[in-house]
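Worksheet: one structure, shown below.
Any read-out appearing in this document is the output of simple, stated calculations on the displayed coordinates, not a laboratory observation. Bear in mind the structure is a predicted one, so any value in this text is a computation, not a measurement. Neighbour counts run over all protein chains shown; Cβ positions are idealised from the backbone, glycine included.
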Amino acid sequence: MNKIIPLKKLKQIIIKQKKEGKTVVLANGCFDLIHVGHIRYLKGARMSGDILVIALNSDSSVNRLKGPGRPILNQNQRADILSGFEFVDHIIIFDESDVSRILLSLKPDIHAKGSDYTEETVPEKDVVCSYGGKVAIVGGPKIKSTSEIILEINKKNE
């Protein structure tokens, strides 16, 4: 089964799953170079519900957010890697700088964010609350970001 699904089709799938009583969780991010922090975040998100949807930033979105030279891996490669995790149910690629449009369309029960946020600092908190959803901070303490890992790699190769 292909986990990478366009928004219109994913919306229909999510409506059906919610009617079946499933709790839908949405996690989002760039996931440029998968590291232990990503795994902890995604596993924590999945433990918050029955269905895990990942909203993956597109290449152009990552470039706007992270700057020149990013992403390291293109969106298709990043999506394929995420598809390989059995705790991931669905993936949608989005082009905006934040995930508000996806949240408003899918209306997941829970919007999961990593521990580099608090419930008050989640950028889409008001959007999630507007349709009755909840924000959850998951995944344990932040260890290193992809940007920090890239800097370490560059220093080791100087």
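Determine, from the Cβ-Cβ distance of I143 and K19 and an R0 of 41 Å, the FRET efficiency 1/(1 + (r/R0)^6), rounded to the nearest 0.05. Don't skip to the end; give the middle numbers.
Working: r = 38 Å, r/R0 = 0.93.
The formula returns an efficiency of 0.60 here.
Only Cα pairs under 8 Å and at least 6 apart count here; give the relative contact order of the chain as a rounded whole percent. Please report the intermediate quantities before stating the final value.
On the way: 255 pairs, mean separation 44.5, N = 158.
About 28 percent, as a whole number.
How many angstrom lie between the C-alpha centres of the stretch 85-134 and the stretch 35-78?
Their Cα centres are 12 Å away from one another.
Hey, which of these cross-link pairs are over 24 Å Cα-Cα: K11/K134; K107/K144; K3/K43; K22/K144? Could you put the intermediate results ahead of the total?
On the way: K11/K134 18 Å; K107/K144 30 Å; K3/K43 17 Å; K22/K144 32 Å.
K107/K144; K22/K144, as the Cα separations exceed 24 Å there.
Expressed as a fraction of 2.2 N^0.38 Å, the rule-of-thumb size for a compact globular protein of N residues, what is the C-alpha radius of gyration of the stretch 12-59?
Values: Rg = 12.1 Å, N = 48, 2.2 N^0.38 = 9.6 Å.
It is 1.27.
Which value in deg cm²/dmol, rounded to the nearest 500, describes the helix-derived mean residue ellipticity at 222 nm for the chain, given -39,500 (n - 2.57) per DSSP H run of n ≥ 4 and division by the residue count?
Values: 7 runs with 66 residues, N = 158.
Computed mean residue ellipticity for the chain: -12000 deg cm²/dmol.
What are the extents of the Cα atoms of the stretch 7-156 along their three principal axes, listed from largest to smallest and rounded to whole Å?
Here the spans come out as 51, 29, 28 Å, largest first.
Give the whole-number value, in cubic angstrom per residue, of the convex hull volume spanned by the C-alpha atoms of the stretch 1-93.
Values: hull volume 8.4 nm³, N = 93.
So the per-residue hull volume is 91 Å³.
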